[in-house]
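The values are calculated or read from the model by the stated rules, or taken from the named source; none is laboratory data. As the structure is a prediction and not an experimental result, all values here were calculated from the model. Cβ placement follows ideal geometry from the backbone for every residue including glycine, while neighbour counts extend to all protein chains displayed. In case anyone asks, the SASA skips ligands and DNA or RNA and just uses the protein heavy atoms, side chains included. Shrake-Rupley method; radii C 1.70, N 1.55, O 1.52, S 1.80 Å.
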Amino acid sequence: MDVLISVLLVIMIALVFDFTNGFHDTANAMATSVATGALKPKVAVTISAVLNLAGAFLSTEVAKTISQGIIKEGDGGVQITPTMIFAGLVGAVLWNLGTWYLGLPSSSTHALFGGLIGAAIIGAGFGSVDFGVVLSKVVLPALFSPLVAGLVALVATYAAYVITKQARSRGADAGFRHGQTISASLVSLAHGTNDAQKTMGVITLTLIAAGYQGAGTGPQFWVVASCGLAIALGTYLGGWRIMRTVGKRITDVQPAQGFAAETSSAATILISSHLGFALSTTQVTSGAVVGSGLGKKLATVHWGVVGRIALAWLFTLPAAALVGGLAAWLASTSTVGLIIVAVLALVGGIGFVILARRHPVTHENVNEVDEDAEPTLESATSGKA
């Protein structure tokens, strides 16, 4: 009975993580389209939500990377418990909510992996983590995917402006805006294909660890469907805070740039999903937006914002690992410890939501930028609102 309760708790918080992943990463697909006016905000998130759901059914390769790769399990491997997985998810959810409050497009993927790795190390030792898989399918893709997407976007943007004579050709802007509808839709489909699978992998890993599913098997249909619905719902509600950062603060995106950034992002994510690389769609999209800025004019890239985003990327995995490890240590002590972790996670999550309501960003003001009225990484660390 205790194992069943732990499994149910993991499934619940896994779907919460998937939900936060949806609104945290909405900007990946739709920020540039909303910023250029190619799509109305509400229309954009509706399209993105539907395609996120559809994308969840396209592949399970990334899910298998998580359930059969990063954390060792099954015959010949180190068994981790559902309690440890629960603790890892706590770290991931809190990091997602914290960076959402700050409007930073950090990696939900690395928050998830960091939380799981930290919890596994504390609960079962270093031998429970396959660091070879972590290096080949997490770390290296994290280093190269933003560079690849950025380079492709740079070349594509430059070519677009040359071909359309600096986008002054008759109907060029309108054409690129129509193109963005298609390219943004592709990114949404790719996001569902890659990111929804990560939660599928976590739930599958939990079922295997608890003995409810055989080792080496993939996610069941109900797991695929529930994860697809959770990320779609989160996407529909709209991550407006991060959408403003990606669409307006990295560079002032124009239609040609938005089309180039979205196309390069979609191609990178879909290819990686097919290969089973659990890359960060946030990093890919942000890299592509930077590349689109460089492709038009170097001065249009706001390097201070890019630096803050890169700093968040650097700390995501270790910070989530630390929280996940501490949560695993406390939750593994007793049932009371597990309850305390759940309560603290709930209080922390509600706290970030309350803080965010002080400076709300909605579909009505997502394209307005008021630096003094919103929280930033500097203001948060210095104690200013």
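Here are a few things to note about the model shown:
- Cβ crowding within 10 Å averaged over residues, with 318-331, 145-158 ranked highest first: 318-331, 145-158
- With a Förster radius of 25 Å applied to the beta-carbon distance between Leu143 and Phe315, the computed FRET efficiency rounds to 0.95.
- 0 to 90° range, to nearest 10: angle between helix 82-102 axis and the chain longest Cα axis: 30
- The convex hull around the C-alpha trace of region 225-360, projected and averaged over every direction, spans 10.9 square nanometres.
- Length-normalised contact order for the chain - Cα pairs under 8 Å, 6+ apart - percent: 34
- Using distinct alpha-carbon pairs, which all enter the 1/r mean, Kirkwood radius of region 156-307 in Å: 17.2
- Solvent exposure, largest accessible area first (probe 1.4 Å, DNA, RNA and ligands not counted), of His363, His24: His363, His24
- Portion, in percent, of the accessible area of the chain that falls on carbon or sulfur, probe 1.4 Å: 70
- Entry note, the chain: the mean residue ellipticity at 222 nm calculated from DSSP H runs of n ≥ 4, each adding -39500 (n - 2.57), is -24000 deg cm²/dmol after division by the residues and rounding to the nearest 500.
- Share of pairwise Cα separations in region 206-246, more than 13 Å, in percent: 66
- Cα gyration tensor shape for region 72-160, rounded if a/c is under 1.5, else prolate or oblate: oblate
- Between helix 140-163 and the chain: long-axis angle, C-alpha atoms, 0 to 90°, nearest 10: 20
- For region 111-228, a Kirkwood hydrodynamic radius built from all Cα pairs, placed in the Stokes-Einstein relation at 10 °C and 1.306 mPa s, yields a translational diffusion coefficient of 88 µm²/s.
- Between Trp303, Trp222, Trp240, the GNM of the chain built on Cα springs shorter than 10 angstrom shows Trp222 fluctuating the most.
- Per-peptide average of other Cβ atoms within 10 Å, ordering 81-87, 252-258, 350-356, 38-44 highest first: 81-87, 252-258, 38-44, 350-356
- Estimated FRET transfer efficiency (Leu4, Glu368; beta-carbon r; R0 51 Å; 0.05): 0.55
- Across the options Thr83, Ala35, Leu207, the greatest Cα extent toward the positive end of the charge dipole of the chain (unit charges at beta carbon of Lys, Arg, Asp, Glu) belongs to Ala35.
- Between Leu275 and Leu151, the simple spin-label model (points 7 angstrom out along Cα→Cβ) gives 1.2 nm.
- Degrees between helix 221-237 axis and first principal axis of the chain (Cα, 0 to 90, nearest 10): 40
- Taking Thr193, Thr36, Thr181 as the candidate residues, the one with maximal mean-square fluctuation in a Gaussian network model of the chain, Cα springs under 10 Å, is Thr181.
- Directionally averaged projected area (convex hull, Cα atoms, the chain), nm²: 17.2
- Pairs of lysine residues in the chain - Cα separation under 19 Å, sequence separation of 8 or more or cross-chain: 12
- The calculated FRET efficiency for the pair Trp222 and Ser136, based on their C-beta separation and a Förster distance of 35 Å, comes to about 0.70.
- Whole-percent P(r), region 291-339, all Cα pairs, 10 Å bins from 0: 23, 25, 19, 16, 11, 6.
- Using the 1.4 Å probe convention, the accessible area of the chain works out to 40 Å² per residue with neighbouring protein chains retained.
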